[in-house]
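Engineer: Below is a structure I'd like to ask you about.
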Amino acid sequence: MIDLHTHTNHSDGTATPSQLIRAAEEAGLKVIAITDHDTLSGWDEAVRTPHQLELIQGIELTTRYGPKTVHLLGYFLDGDAGPTFRNWLDQIHAHRLERNWRLVERLQQLGIEISWEEVESLGGRMAGRPHFARLLVKKGYASSPEQAFERYLGEDGLAFVHRQAPSLEEGIRRIRQAGGIPSLAHPARLNLADEETFLRMMKSAGLVAVEALHSDHDDSTARRYAALARRLDLVITGGSDYHGATKPSVTLGNPSLDMRSLEALRNLKL
Ligand code: AMP
Ligand code: ZN
Ligand code: FE
Ligand code: FE
């Protein structure tokens, strides 16, 4: 088995890169891509860890398409996205930090006792709203993370602060410029009325692949995206979207994905 979609604790997974590698090797996986949200630091640590399986450098960018948040995977089969891409990720990180600081301020203005240090100690470099949500629950300001989003952190919440994020088209362009392969992550989550038109437009913008196989997709959904990919001449990617204890029901590997999909990616001439 192989898995082209996994997260470490450098974004919102719970396994360290070395724990992820060990778990994947124990599960008999031959290849994993590390696709943390908006960072390559989990990958950087993973490649320094002794490993038998093949590691593929990947990323999952948070982008915007109109009012929608769209996750875009990027695969760098040559092994490094390079300095221009990494500098661009640093800018994205700066926007995240700025949003987090303003979010702390807004929550404090609402009378909530919360500090930047507490958020950072929970989420580290990639602290985000899920960490705020956990803190708000721990401190009794919400009964569940969902309620924390509903009351405070979500788009209609009292403390919502907008975060600057790149457009989907820019994400595609940046990944291509860095020599990577952009793949639209878990498309079913987008709830698009006209998926075919959307995918055709993104293909014109440089999209190369679509994640037809994903733990959110049941068999018929996966088949639908696979058929759409064939029709539009897009390559299929897939994976589990493993997050460790954050999503305990999702285990490593995707039985429907085989080496041939990876070979198809490797054989692309972009
Ligand atoms: P951030 O990147 O810090 O803005 O946080 C985005 C993450 O927050 C998403 O990946 C989701 O996991 C989580 N999230 C966003 N909206 C909600 C919601 N309404 N309920 C629960 N989790 C949410
Ligand atoms: Zn995630
Ligand atoms: Fe995602
Ligand atoms: Fe993911």
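The values are calculated or read from the model by the stated rules, or taken from the named source; none is laboratory data. Since the model is a prediction, treat every value here as computed from it, not as a measurement. Note that we place each Cβ from the backbone using ideal geometry, even for glycine, and neighbour counts take in every protein chain shown. These accessible areas exclude ligands, DNA and RNA; they are computed on the full protein's heavy atoms, side chains included. Shrake-Rupley method; radii C 1.70, N 1.55, O 1.52, S 1.80 Å.
Engineer: Of the numbered conditions (1) in contact with an Asp or Glu (Cβ under 7 Å, 6 or more places away or on another chain); (2) open to solvent by 50 Å² or more (accessible area, probe 1.4 Å), His186 fails exactly one; give the number of that condition.
Structural biologist: (2)
Engineer: Same structure, new question: Working carefully through the options Pro187, Pro166, Pro182, find the one that is at pLDDT 95 or above and in contact with a His (Cβ under 9 Å, 6 or more places away or on another chain).
Structural biologist: Details: Pro166 fails: in contact with a His (Cβ under 9 Å, 6 or more places away or on another chain); Pro182 fails: in contact with a His (Cβ under 9 Å, 6 or more places away or on another chain).
Criteria check complete, one pass: Pro187.
One line per residue, one yes/no per condition, for (1) more than 16 Å from ligand 4 (Cβ to nearest atom); (2) open to solvent by 10 Å² or more (accessible area, probe 1.4 Å):
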| site | (1), (2) |
| --- | --- |
| Leu103 | yes, no |
| Gln109 | yes, yes |
| Ala148 | yes, no |
| His162 | yes, yes |
| Ala165 | no, yes |
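Engineer: Also: Within the range 200-242, can you find the residues that are in contact with a Pro (Cβ under 8 Å, 6 or more places away or on another chain) and assigned to a helix (DSSP H, G or I)?
Structural biologist: Tyr225
Engineer: Can Asp233 be described as open to solvent by 70 Å² or more (accessible area, probe 1.4 Å), among the charged types (D, E, K, R), on the phi > 0 side of the Ramachandran plot and at pLDDT 95 or above?
Structural biologist: yes
Engineer: Which of the residues that make up the range 244-270 are touching a His at 6+ places or on another chain (Cβ under 8 Å) and surrounded by 21 or more Cβ atoms within 10 Å (Cβ to Cβ)?
Structural biologist: Asn254
Engineer: For the list (1) surrounded by fewer than 21 Cβ atoms within 10 Å (Cβ to Cβ); (2) within 13 Å of ligand 1 (Cβ to nearest atom); (3) modelled with pLDDT of 95 or more; (4) not in a helix (DSSP H, G or I), I need the number of the one condition that His51 fails.
Structural biologist: Single failed check for His51: (2).
Engineer: Here is a check on your reading of the model: is Ile92 assigned to a helix (DSSP H, G or I) and of a type in the set (A, V, I, L, M)?
Structural biologist: Against the criterion (assigned to a helix (DSSP H, G or I) and of a type in the set (A, V, I, L, M)), Ile92 qualifies.
Engineer: Follow-up. Of all the helices (runs of 4 or more DSSP H) wholly in the range 122-194, which have at least 1 residues that are aromatic (Phe, Trp, Tyr)? Outline the logic, then answer.
Structural biologist: Details: elements: 129-138, 145-148, 168-177.
In the range 122-194, the matching helices (runs of 4 or more DSSP H) lie at 129-138.
Engineer: I'm told Lys203 meets every condition in (1) charged (D, E, K, R); (2) within 16 Å of ligand 4 (Cβ to nearest atom); (3) buried (at least 16 other Cβ atoms within 10 Å of the Cβ) except one. Can you identify the failing condition by its number?
Structural biologist: (2)
Engineer: Here is a check on your reading of the model: is Glu98 open to solvent by 50 Å² or more (accessible area, probe 1.4 Å) and more than 9 Å from ligand 1 (Cβ to nearest atom)?
Structural biologist: yes
Engineer: Also, I was wondering about something else. Out of all the residues in the range 55-74, is one or more part of a loop (DSSP other than H, G, I, E, B) and surrounded by 15 or more Cβ atoms within 10 Å (Cβ to Cβ)?
Structural biologist: No, the conditions are met nowhere in the range 55-74.
Engineer: Just checking, which of Ala133, Ala127, Ala81, Ala94 is farther than 18 Å from Val161 by Cβ and among the hydrophobic types (A, V, I, L, M, F, W, C)?
Structural biologist: None of the others qualify; the one that does is Ala81.
Engineer: Any idea which residue in the range 24-44 is surrounded by the most Cβ atoms within 10 Å (Cβ to Cβ), counting only those that are farther than 22 Å from Ala94 by Cβ and more than 16 Å from ligand 4 (Cβ to nearest atom)? Lay out the reasoning, then the answer.
Structural biologist: At the first step, the residues of the range 24-44 found to be farther than 22 Å from Ala94 by Cβ are 24-34.
After this cut, where a residue has to be more than 16 Å from ligand 4 (Cβ to nearest atom) as well, the list is 25-31.
On the way: Glu25: 15, Glu26: 9, Ala27: 15, Gly28: 10, Leu29: 20, Lys30: 15, Val31: 16.
Across the range 24-44, the extreme among qualifying residues is Leu29.
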